[in-house]
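The values are calculated or read from the model by the stated rules, or taken from the named source; none is laboratory data. Predicted, not measured: the structure shown is a model, and the values here were computed from it. Quick reminder, even Gly has a Cβ in these numbers, built from the backbone with ideal geometry, and neighbours come from all protein chains shown. Side chains included, ligands, DNA and RNA excluded: accessible areas come from the protein's heavy atoms. Shrake-Rupley method; radii C 1.70, N 1.55, O 1.52, S 1.80 Å.
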Amino acid sequence: MVYLTRKAEFAASHYYHNPDFTPEENRRVFGKCNNPNGHGHNYTLEVTVKGEVDPRSGFVVDLKQLKEVLNREVLDAMDHRFLNKEVPEFSTKIPTTENLAIAIWQRLATKLKAAQLHRVRVYETPDLFVDFYGEA
Amino acid sequence: MKAHLTRRYVFSASHRLHSNAMSDTENAATYGKCNNPYGHGHNYALEVTVSGHVAEATGMVCNLVDLDGFVHSEILERFDRENLNLRPEFDRIVPTTENLCTTIYDILQRGFTQAHLERIRIEETMMNSFEYEGDN
């Protein structure tokens with residue numbers, strides 16, 4: 001089994017708000033991130049797939065295909081977007097880094113052929129990242 | 001859904017590697033330059049990884065304010081700009097980064113209860129890093 005990681009970057013804005021919370025609760029739990037006008041990050045995404053090395057191509061996965069899926073399913077939808085307003089998953093879920101990693105996993109898992117998705121890592125800043133391994 | 005969240009912190013400290021169980025010659029042979037009696041320092045980078053179910057109401061594994069607060073008061077306050085050899089934690093153990101790893105892990109394991117502690121990782125320099133996940 002060999003693991004391959006592809007990296008991508010995207011910039012997006014978001015804010016944290018739970019409509020079931022009172023305004024005070026929202027401010028207490030989410031702090032500055034509750035500003036309804038949003039704020040942005042340069043996200044770094046690392047997608048790791050795993051598989052056996054194909055004896056004919058020497059590849060675990062065709063990187064060109066992986067890049068296409070990544071661009072189509074994730075970057076086209078999220079790059080330079082306001083996550084709360086423009087990405088459907090976040091009309092009901094709060095666009096935290098945790099939920100972003102889960103959403104990206106769900107967008108990719110069914111679309112990847114040959115290789116199996118192992119991990120989605122999302123860096124919100126260089127000192128904060130979330131890993132999701134598809135665990136329930 | 002279970003996700004892993006990693007937060008990175010930096011602190012600076014000095015240490016001298018010297019074991020009371022060894023002769024001076026043995027210490028010099030084992031620790032080389034790190035045995036210099038006056039000590040030397042590092043910019044340490046600490047990565048704390050916690051895991052747990054992403055809460056529906058907040059979209060979070062744990063509130064970063066809690067994790068940051070705990071690490072600042074219990075780890076950074078204790079070790080940043082300190083001589084590790086003079087800290088009570090290193091009364092009886094050599095302040096190698098291995099021992100620093102297990103010491104910091106134990107502090108987090110005992111005191112931080114808002115999420116499950118998965119692992120800590122310490123970079124002593126850009127060339128050396130150490131990880132500890134507990135002994136289970």
How much length, in nm to one decimal, is gained on full extension between A:Thr44 and A:Met1, taken as 0.36 nm per residue of separation minus their Cα-Cα distance? 13.0 nm
At 1.4 Å probe size, with the rest of the protein present, what percent of the exposed accessible area of chain A is carbon and sulfur atoms? 50 percent
Comparing A:Glu89, A:Glu24, A:Glu98, which has the greatest mean-square fluctuation in the GNM of chain A with Cα pairs linked when under 10 Å apart? A:Glu24
Considering the Cα positions of the protein assembly as shown, please state its Rg to one decimal place and its Dmax as a whole number of Å. 21.9, 67
As a test question: what accessible area, to the nearest 10 Å², does A:Lys111 have when a 1.4 Å probe is rolled over all protein chains in place? 80 Å²
Once A:Glu86, B:Glu74, B:Glu131 are ranked on solvent-accessible area with the largest value leading and a 1.4 Å probe, the list reads B:Glu131, A:Glu86, B:Glu74
Would you rank A:Ser91, B:Ser14, B:Ser23 by solvent-accessible area, highest first, keeping every protein chain in place and using a 1.4 Å probe? A:Ser91, B:Ser23, B:Ser14
Which value at 222 nm does chain A reach when only helices count, each DSSP H run of 4 or more adding -39,500 (n - 2.57), with the total divided by all residues and rounded to the nearest 500 deg cm²/dmol? -6500 deg cm²/dmol
Per GNM of chain A with C-alpha springs under 10 angstrom, the most fluctuating residue out of A:Val47, A:Val74, A:Val87 is A:Val87
Relative compactness, chain A, computed as alpha-carbon Rg over 2.2 N^0.38 Å: 1.16
Neighbouring partner chain Cβ atoms per residue of A:119-131, average, 10 Å criterion: 4
Ignoring everything but the protein chains, give the 1.4 Å probe accessible area of B:Ser129 in square angstrom, nearest 10. 60 Å²
Residues other than A:Asn34 with Cβ under 13 Å of its Cβ, Lys/Arg counted +1 and Asp/Glu -1, net out at +1
Determine the calculated [θ] at 222 nm for chain B from helices alone, applying -39500 (n - 2.57) to every DSSP H run no shorter than 4 residues and normalising by the residue count; nearest 500 deg cm²/dmol. -7000 deg cm²/dmol
Residues other than B:Ser73 with Cβ under 12 Å of its Cβ, Lys/Arg counted +1 and Asp/Glu -1, net out at -4
Only Lys, Arg, Asp and Glu count, each charged at its Cβ (+1, +1, -1, -1), so figure out the dipole size of the range B:56-136 about its Cα centre, rounded to 20 debye. 160 debye
Whenever you get a sec, line up B:Asp135, B:Asp80 from highest to lowest accessible area (probe 1.4 Å, protein heavy atoms). B:Asp135, B:Asp80
So, with +1 on the Cβ of K and R and -1 on the Cβ of D and E, and no other charges, what is the size of the charge dipole of the range A:65-111 about its Cα centre, to the nearest 20 debye? 60 debye
In nm, to one decimal, how far is the modelled label at A:Asp54 from the one at B:Ser73, with both set 7 Å along Cα→Cβ? 5.6 nm
May I ask you to give the percent of accessible area on chain B that is carbon plus sulfur, with a probe radius of 1.4 Å? 47 percent
Return the average number of partner chain Cβ atoms within 10 angstrom of each residue Cβ along peptide A:91-97. 4
With θ set to phi - 60°, apply the Karplus curve 6.51 cos²θ - 1.76 cosθ + 1.60 along the range B:51-65 and write out the HN-Hα couplings as whole Hz, x wherever there is a Gly or Pro. 9, x, 6, 6, 5, 4, 6, 10, x, 10, 6, 7, 6, 4, 4
Sites B:Asp66 and B:Glu131 - FRET efficiency at Förster radius 22 Å, r taken between beta-carbons, to 0.05: 0.45
I need the phi-derived Karplus couplings for the range B:88-101: 6.51 cos²θ - 1.76 cosθ + 1.60, θ = phi - 60°, integer Hz, Gly and Pro marked x. x, 4, 10, 4, 10, 10, 6, x, 5, 6, 4, 5, 5, 4
Let me see the pair-distance distribution of the range B:1-102: every alpha carbon pair, 10 Å bin width, integer percents in order. 13, 37, 24, 16, 8, 2, 0
When you look at the Cβ of every residue in A:98-104, what mean number of other chain Cβ atoms sits within 10 Å? 5
Applying the gyration tensor rule to the Cα atoms of the range B:51-136 (axes a ≥ b ≥ c; rounded if a/c under 1.5, else prolate if a/b exceeds b/c, else oblate), the class is prolate
Qualifying trypsin sites (Lys or Arg not before Pro) in the range A:56-102, DSSP loop, other Cβ atoms within 10 Å at most 14: A:Arg56
